[in-house]
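Written below as structure tokens is the structure these notes are about.
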Amino acid sequence: MPDQIKSIIERISALQEELEQAFEDRKKDFGFTLEKQKVRFLEGEIAWQKKFKRLLVTYIFSARLLVLLSAPVIYALILPIALLDLFVTIYQLICFPVYKMEKVKRHEYIVLDRHKLGYLNMIEKVNCAYCGYANGVLAYVTEIAARTESYWCPIKHARKMASYHRWYGNFSDYGDAENYLADLRRNMEAMRKLDQKNP
């Protein structure tokens, strides 16, 4: 990999860590801590939050009619998302050991904790759980697909993509026939020795 690209990837990784630290620092402003991945609110925090909760009746009757009518369309996606979750999990359980690849930890992607917030009403809590699950599954599936791609076909695309996964920077350059096999072996080995941090 050229030094310039490697340097950019390292800077992006450092910025990502800086962003994560900023998120962590911000948590202190809202009266909670994390203990063994569980949210613990300071005494009185939930009672204070409940002062900001919208009444369920107000929430429903203030919604536009088209918003209410679109809700079944949104929630109809739960079945394909759950099936995707199931099938990709089975794929990983069967195939990753064959390739000697470390499995993606599902619990790191699917996070359901917003229901503990005192300022959300019941519908908002259900909506937040649904969004957390759906986006978590899609991120989990993306990581499994990214590791698979990194193992089997780590070649950059010729065309610009709107977004790419965290392993893409290590892929072989499009058209670099001379280094392709070495890059392929390097990526396969990287996926086998993967630690859970960014590359």
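The phi torsions of the stretch 143-160, fed into the Karplus equation with coefficients 6.51, -1.76 and 1.60 and a -60° offset, translate into couplings of 5, 5, 5, 5, 5, 5, 5, 5, 7, 9, 8, x, 10, 5, 7, 6, 7, 5 Hz, rounded to whole numbers, with Gly and Pro shown as x.
Scattering from the stretch 52-147 was approximated by placing one identical point on each alpha carbon and applying the Debye formula without solvent; log10 I(q)/I(0) at 0.16, 0.21, 0.22 1/Å stands at -0.77, -1.05, -1.10. By the compact-protein rule of thumb, 2.2 N^0.38 Å, the alpha-carbon radius of gyration of the stretch 89-199 corresponds to a ratio of 1.34. Of LYS28/LYS105; LYS50/LYS105; LYS27/LYS116, which ones are farther than 22 Å apart at the Cα? Result: LYS28/LYS105; LYS50/LYS105 exceed 22 Å. Think of the chain as a dipole: +1 on every Lys or Arg Cβ, -1 on every Asp or Glu Cβ, centred on the Cα centre; then among TYR140, LEU19, VAL67, VAL67 lies furthest on the positive end. A straight line joining the Cα centroids of the stretch 13-59 and the stretch 72-109 runs 28 Å.
Where is the GNM fluctuation largest for the chain (alpha-carbon springs, 10 angstrom cutoff): LEU66, LEU112, LEU93? Of LEU66, LEU112, LEU93, the Gaussian network model singles out LEU66 as fluctuating most. Just to confirm a number: summing +1 for Lys and Arg and -1 for Asp and Glu over residues other than LEU120 whose beta-carbon lies under 12 angstrom from that of LEU120, what do you get? Local net charge: +4. Considering only ARG159, ARG26, ARG54, the mean-square fluctuation computed in a Gaussian network model of the chain, springs between alpha carbons under 10 angstrom, is largest for ARG159. Modelled spin labels at THR33 and LEU181, positioned 7 Å past Cα toward Cβ, are 5.7 nm from each other. Computed from Cα atoms, the angle from the helix 78-99 axis to the main principal axis of the chain rounds to 30 degrees. Taking 23 Å as the straight-line reach from the Cα of LYS160, the lysines in range (excluding those fewer than 8 positions away in the same chain) are LYS6. Taking amide H as placed 1.01 Å from N in the peptide plane, ILE155 has its amide H under 5 Å from the amide H of SER172, each at least 5 places away in sequence or on another chain.
Net charge dipole, the stretch 31-192: roughly 560 debye, given to the nearest 20, about the Cα centre with Cβ charges of +1 for Lys and Arg and -1 for Asp and Glu. If you average the sequence gap of Cα pairs under 8 Å that are 6 or more apart and divide by the length of the chain, what percent do you get for the contact order? So the answer I get is 21 percent. Gyration tensor over the Cα atoms of the chain: the corresponding equivalent ellipsoid has semi-axes (square roots of 5 times the eigenvalues, largest first) of 39, 22, 17 Å.
Any read-out appearing in this document is the output of simple, stated calculations on the displayed coordinates, not a laboratory observation. Computed from a prediction, not measured in an experiment: that's the story for all the values here. Here Cβ is always computed from backbone atoms with ideal geometry, including for glycine, and neighbour counts include all displayed protein chains.
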